[in-house]
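Please read the structure below before turning to the comments.
The values are calculated or read from the model by the stated rules, or taken from the named source; none is laboratory data. Predicted model only: the values in this text are computed from it and were never measured. Note that we place each Cβ from the backbone using ideal geometry, even for glycine, and neighbour counts take in every protein chain shown. Surface accessibility is based on the protein's heavy atoms, side chains included, excluding ligands, DNA and RNA. Shrake-Rupley method; radii C 1.70, N 1.55, O 1.52, S 1.80 Å.
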Amino acid sequence: MAVSTGPKILTSRFELSDGHTIDRYLATGGYRALAKALAMAPDAVTAQVKASEMQGRGGAGFPTGTKWGFLPPGVFPRYVVVNGDESEPGTYKDRLLMERDPHQLIEGIVICAYAVGAAQAFLYVRGEMALAQERLAQALNDAYAKGYVGHDIMGSGFSVDITLTWGAGAYIVGEETALIESLEGNRGMPRLKPPYFPASKGLYLQPTIVNNVETVSNLPWIINEGGDAFASLGVPTSTGMRLFAVSGHVNRPGVYEVPQGLTTFRDLFEAPEYGGGIRGGRKVKAFIPGGVSAMWFFEEHLDMPLDKPTVDKAGSMLGSGAIVVMDDTTDMVKAAWRVVRFFARESCGKCTPCREGTTWLERILDRIIAGDGRPDDLELLLDVSDNISPGLAWPPRQTTICPLGPSAVSPIVSALKRFRPEFEAYLAKAAQHRESAHV
Amino acid sequence: MSDALVDAEAPAAPPPPPSITIDGRRIEVKPGELLIAAAERGGTYIPRFCYHPRMEPVGMCRMCLVQVDGPRGPALVVSCMQPVADGMVVSTEAPNVKKAQEGVLEFLLVNHPLDCPVCDKGGECPLQDQTISNGPGESRFVEEKRHYEKPIAISELVQLDRERCILCDRCTRFAKDVAGDPLIHFTNRGGNTQVETFPNHPFASYFSGNTVQICPVGALTASPYRFKARPWDLEEVESTCTSCSVGCRVTVQSSRNQLLRYQGVDSDPVNWGWLCDKGRFDFEAVNSDSRLGSPRLRRGGELVEVGWSEALDAAGALIARAIEQGGPTSVAVIGGARGTNEDAYAWAKLAKGVIGTDHVDAQLGDGLPVGVLTGLPQATIDEACQATTVVLLAPDLKEELPVLYLRLRDAAEHRRVRIVELSSMASGLTPYTWATLRHRPGEQSALVRAILGNGDKNVVGASGEQLDAVRAQLDAGPVVVVVGRTSLAESPDFAVDATSALRDALPNATFLPVLRRGNVRGALLAGLTPGLLPGFTARVEPSAALTAAWSTVPDDDGLDTTAILEAAAAGRIRCLILLGADPASDHPNRELARRALAGAGSVIAIDTFLTASSQHADVVLAAAGYGEKSGTTTNLEGRVSAVSAKVSPIGTARSDWAIAADLAERLGADLGFDELVDVQTELRAVVAALAHVTDEALVSAPDGVLAGGPATSRTLQGKHVEPPLANAYAYRLTVSRTLYDAGLGVARSHSLAGLARGSALHLHPTDAERLGVASGTEVKVVVVADDPDRVRTAVMTLVADADVARGVAWAPFNQPGDTVGDLLDGSVVVDVRVETL
Amino acid sequence: MPRLSDANLTLAKEIIGRFPRPKSALIPLLHLAQEQDGYVTTDAMEHLAELVGVTAAEVYGTASFYEMFHFEPSGRFHINVCTNISCQLVGAWELLEHAEKRLGITAGGTTTDGLITLEDVECIAACTEAPCLQVNYRYRYQVTPADFDALVDDLVAGRLDREIPPFGTLAKVRQHVPVERWAGIGTEAQAQVDAR
Ligand SMILES: Cc1cc2nc3c(=O)[nH]c(=O)nc-3n(C[C@H](O)[C@H](O)[C@H](O)COP(=O)(O)O)c2cc1C
Ligand code: SF4
Ligand code: FES
């Protein structure tokens, strides 16, 4: 089975042991794109990004060029914030990009800052990623010393600082407005929408572009090769190469750079150059297509291409490129419980339904797994879920500020809809147990 | 004629006001207003917990979800965050709205202890009310609830029960955004989120009681009220706080004839629902065991309890004898600023119209000349808060007029009003000022003249650039000058001179005088000031109405309080009447006050307590206190509003006006006042400025009615005073009041009494270091003066304090154990030396 | 309890200087405090409050939101075992159980010698290397029980002291920007906006 391939846009230096150094970066074409961009008008740089039709890689898949266009004209200062908080379970790619090719990211940041006219850029790295912080600190120190960041970049007269900063353990800070709160030194609680995009009011209520690490890491290639070249990769509805982390029950879990749209989930799970098949030759029972916030997919979705509109229409999302494969030995109640526990612990606590509801869901599932389930528990799970995300629909409707609360509903609805008997088996055992205790 | 032609000829009709449809009913809305507020005005109350109309919405509780039809179909939105748009169609009753709201309520209850029967809030709890009307019948939550240690004291006044807390962010938002004291904060995350203080940093905000009032559950409770009553046992009446002259609107609540609680009322022009903790909790003083419940008469050196007729006879006799022996001018009346307008008027009539003395003053030598009210164009609080620039020539408003501080802070923080502070030391408002220029005590008018460009720019510390920037700002738009007595150790002449200079230079500026005692403005207007008759009319030009009501007016202009005390000390006052005044504590020249009390032929006190002054009286007449009497009061803007009796006076205590009427009778005169309404009728007839302040007007405008007056008069005359040169080894003293002091409201309220900071001399840390004295050490403070009579000394505790400028010494006035009062002698400025003991 | 040392105070000021508003530096500063003392002390929080111009309650409000900060002394090494979905699928709980047995503590606890704190944590972004863990935020991939035992042996013997600094230290390399390379546009522009 031949899979579609494409150029290594993002991972070209991943195999090099010194790919993170400035010398290797320069020796492999680094900072050429920056020089090229600085010779262009800022608008022309944005035009290339628009032409690339790149969708953001952070989870929402919003077109990057369009987002940049939301900046209110004439309002300054503006900021660029790069989201390196990667914490969605199953997601593993931004850390690699930061550890193995930090200069590619830095070059992308300066290009972005130049295009949007930013006064300063902030690179917010997840707190737990010590090596990424070290590599980026070193890379930034070198890039500053060599004139690629800071005052008068490459003699162009353009100046911008990049401040490296980092979090301290809170998934919700990946949400862009929470990230901004955190960057202001506050508790990472999402802001109310509208405004829907920080582009109009972001850091310090100034116009701010928030982009994901992978999104920004694509920029040097886009500038070097042109937006059209990027758009010609993948399919028109999902352009470019993209990193997918395939984890769980495959023989070769890994992070793979593949052309979007031309690759299917089955390719990723089975092709020898990717997942290499389900472990032990077993069957896929379910898989999470785009991070644990997503609705689960099943066998019937295996041949679906990694194409945003297709996956959206099927009732889930590609999200953060995190694919978790569960084979037919998996206990679906426990799988759902683990994901719910995650959201319960990571709720920021701002919205009542999320704060109280996710904890409640976790505790009901705790009880079911502990053998203390009650007959009404499954209806209760669904009704509590419905009070967090009315209608249990996709895309989720929410009674909350951000999608975290409703995300906790995805595993429950997915697992309960498809594998209800597994839940009922737990309840039956509990009932039996209670009865025998009575006698 | 065609319709088109009609349209063309008619003036363009104004566009119809925007409207929305709620549950099928059309209501008019204000552009940009929040849906939850518009709905409420239109008669639809959307349930809410976190929304509070005086704070920025946070949309946290999610209770106020409603359905709004949008371009992509109907959607649930939180109405506290949603601005209205013309044509919006809203449902608050759709099944999915009800389901969502019930869901939120259920979520709020899963961890709520439901200990309503033992909760202070039970019976007035929004959560309880919502649960009863909309809540789930039976709990589906079978797990163990969240547990926290039961109430923890987060300050001396407030306790927090975290199990009851629903994390609405009201208290924390209030603390940060309204009070500017972010000492309580959310901590932890998600289901573990709680409200906490930092270890050893209690929620010591002057405004902490507001958090108790706005808490939508019983998580925050006030120590002075905890477990005192159940809401359904409370009776209440709306009134006005008279603890200071801001005049916040309150409800006074009682049970079984005892005052139990004050709650702030949202008065748009004044307090927006907020109160300071002193005003909120000093009802304890009214209930105090040490209140005077009956008159006292001095017999054999002792004050003994007597009946009213005996006390009144004795007092009347003392006055009569004084008049007989020394003429009317041997009688003087000090005080009256703590009572009602009616009290003040009755006393003005007794003193000036019956006794015939003009030695009458409601201020205690710690205010400003009455000319700041009569000789300056006046401003309101709202006008100050909407000005382009506010100039502060005032004491620390956070300490003296706390809710005015909140209003100005809000103006600076949220309305971008620029505050220019000219002062000798940092104040509560300093962090919110646009510019702060420091001057040494006594150099206020020199600084103002330097700013205005008609003074020596070198005399003050500010740079020429700063002075120019401030000058330019004064021309940038409307200016309101807030003027008050900044320091009791300085002559008021500086403030008057500075103020009149500003008035002359800024033809459009208006002025907000901030005299601090509760009803000082009302008392002055009612005639308790020398040289003027009620309504600020000149003594020599009584109005026809006055002449009709009064049998006489004084022959000569009288003395102000300081001069009265001097006359008394010199033996020229045969009868000194203290109308709720305690000059021995409150007058800046305490030594003079003591001599005056000793030197006066006799002293009559009308008071609620035996004070440092009234304990020296020959007769003490027990006065009704706050909440025990009705009438009207006038706040610092001149806004007249009702004060209402809620409980009957303690013992046989009586209103000041009634005491005046009875004393008049003893003097053979009839004030014509049998009932309060008699006083009110005459007051409104005699004082033209109050003619429109009728009962009906006060009912239809409970927030109060502005007194009319010589609003445009520009007659205030400044007097240029040259402060003496500062001695390089001395510190120039500044003395001012703090919220918690040894005054009656604080000292006799047991919850507040311990909050007074205590007497101390504050020096800049560098100055303290130079002296080689550690903070907390006792030092000897000596007045520097050539005249040996002026050299006074006091022992005080030294405190290093970065808020004080170098070369300046600050001491809070009238603290428990106060000694700084012994240093003040009414000189232009006071310089002191500090010596180690 | 200690405030920031003089050296760390200098560093703190440098960090603050890289943000348009001082409070933005709070999380890096809290890390600095934790690096200094092994946990975030109340004195340090009071010091940070002074440095960035907020109350101590606000500092703690921020700090306590984030999991990585500890407010009481804990182990010199934090072993954080990921039990989230990708790791759960391939034996994370079994690994954690083994770890608890080996160390004689339950997740959340610290060994009596104060050397190791064990934690059951959410996804650490190494999902394709499951089951995985971090020791003071340094990764170990595809960890078997034997790997775990070897790791503990190494930690006890001090063999990893060079690779793994004590709890609190994150990056061993810091961002340093020479003054002449720093553009400073953000701070200046923001100050102008903030000055109204
Ligand atoms: C709960 C939640 C968590 C998120 N976590 C991340 C994250 O860890 N990294 C990320 O880049 N985006 C994350 N996002 C998406 C961001 O809000 C934002 O859309 C993204 O950073 C924008 O970048 P992009 O347009 O380049 O994708 C998260 C969103 C939500 C709602
Ligand atoms: S949905 Fe949850 S995580 Fe998101 S803002 Fe609300 S409480 Fe916070
Ligand atoms: S009142 Fe609207 S969310 Fe709380």
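Here B:Lys150 is the anchor, and the lysines within straight C-alpha reach of less than 29 Å, apart from those fewer than 8 places off in the same chain, are A:Lys350, B:Lys121, B:Lys176, B:Lys228, B:Lys278.
Under a Cβ-Cβ cut-off of 12 Å, what is the net charge of the residues other than B:Thr374 that fall near it, where Lys and Arg count +1 and Asp and Glu count -1? With Lys, Arg at +1 and Asp, Glu at -1, the net is +2. Using a cut-off of 19 Å between Cα atoms, the listed pairs A:Lys67/A:Lys201; A:Lys285/A:Lys429; A:Lys36/A:Lys67 include A:Lys285/A:Lys429; A:Lys36/A:Lys67 as exceeding that distance.
Per residue of peptide A:202-212, the mean number of Cβ atoms on other chains within 10 Å of the residue Cβ is 2. Remark: relative contact order (segment B:566-632) = 32 percent; criterion is Cα-Cα distance under 8 angstrom and separation of 6 or more residues. Ignoring ligands, DNA and RNA, what percent of the accessible area of segment A:1-156 is carbon or sulfur (1.4 Å)? The nonpolar share, carbon plus sulfur, comes to 52 percent. Annotation for segment C:115-178 versus segment A:89-160: alpha-carbon center distance of 25 Å. Counts of other chain beta carbons within 10 angstrom of each beta carbon in peptide A:95-102 average 1.
Calculate I(q)/I(0) for segment B:696-837 by the Debye formula, one identical point scatterer on each C-alpha and no solvent, and give its log10 at q = 0.13, 0.14, 0.21 Å⁻¹ to two decimals. Those come out to -0.70, -0.76, -1.22, one per q. The distance between label points at C:Ala7 and B:Asp678 comes to 8.7 nm (points 7 Å beyond Cα on the Cα→Cβ vector). Rg then Dmax, both in Å and based on the Cα atoms of segment B:355-450: 15.5, 53.
To the nearest 500 deg cm²/dmol, what mean residue ellipticity at 222 nm is calculated for chain A from DSSP H runs of n ≥ 4 alone, each contributing -39,500 (n - 2.57), summed and divided by the residues?
On the way: 18 runs with 185 residues, N = 439.
So the helix-based figure for chain A works out to -12500 deg cm²/dmol.
Taking the C-alpha atoms only, the angle from helix B:402-414 to the longest principal axis of chain B is near 50 degrees. Sequence-ordered 3J(HN,Hα) estimates for segment B:266-271 from the Karplus curve with 6.51, -1.76 and 1.60 and θ = phi - 60° stand at 6, 9, 4, x, 10, 9 Hz, glycine and proline given as x.
Enclosing the Cα atoms of segment A:302-439 in their convex hull gives a volume equal to 114 cubic angstrom per residue. Other residues within the sphere of radius under 15 Å centred on the Cβ of A:Lys283, judged by their own Cβ, net out at -1 (K and R +1, D and E -1).
Taking Cα pairs under 8 Å and at least six residues apart, what relative contact order does chain B come out at, in percent? Show your work: numbers first, answer last.
Values: 1894 pairs, mean separation 107.9, N = 837.
Computed value for chain B: 13 percent relative contact order.
The phi-based Karplus calculation (6.51 cos²θ - 1.76 cosθ + 1.60; θ = phi - 60°) puts the 3J(HN,Hα) values of segment A:222-230 at 4, 6, 5, 9, x, x, 5, 4, 5 Hz, whole numbers, x for Gly and Pro. The residues packed around C:Ala157, meaning those with a beta-carbon under 14 Å from its beta-carbon, carry a net charge of -3 if Lys and Arg are +1 and Asp and Glu are -1.
Neighbouring Cβ atoms from other chains, within 10 Å of the Cβ of residues in C:22-29, number 6 on average. A viscosity of 1.306 mPa s and a temperature of 10 °C, combined with the Kirkwood radius over C-alpha pairs in the Stokes-Einstein formula, give segment A:42-84 a diffusion coefficient of 139 µm²/s. Rounded to the nearest 5, the antiparallel percentage of DSSP beta bridges internal to the protein assembly as shown is 55%. Under the combined filter of DSSP loop state and at most 11 neighbouring Cβ atoms within 10 Å, segment B:727-784 retains these chymotrypsin sites (Phe, Trp or Tyr not before Pro): B:Tyr729.
Only helical DSSP H runs with n ≥ 4 go in: add -39500 (n - 2.57) per run for chain C, normalise by residue count and round the 222 nm mean residue ellipticity to 500 deg cm²/dmol. Show your work: numbers first, answer last.
Numbers: 8 runs with 81 residues, N = 196.
That comes out to -12000 deg cm²/dmol.
The angle separating the long axis of helix B:95-110 from the principal Cα axis of greatest extent in chain B is about 60 degrees.
Evaluated at q = 0.09 Å⁻¹, a Debye calculation over the C-alpha positions of the protein assembly as shown (equal weights, vacuum) places log10 I(q)/I(0) at -1.24. Evaluating 6.51 cos²θ - 1.76 cosθ + 1.60 at θ = phi - 60° for every residue in segment B:740-756, the Karplus couplings come out as 9, 9, 8, x, 4, x, 7, 5, 9, 9, 5, 6, 9, 3, x, 8, 5 Hz, glycine and proline recorded as x.
Can you tell me the relative contact order of segment A:93-166? Whole percent, Cα pairs under 8 Å, sequence separation 6 or more. Present the calculation step by step, with values, prior to reporting the outcome.
Values: 87 pairs, mean separation 27.0, N = 74.
Answer for segment A:93-166 is 37 percent.
Where both bridge residues fall in chain C, DSSP classifies roughly 55% of the beta bridges as antiparallel.
The angle between the Cα long axis of helix C:185-194 and the longest principal axis of the Cα atoms of chain C comes to about 60 degrees, rounded to the nearest 10.
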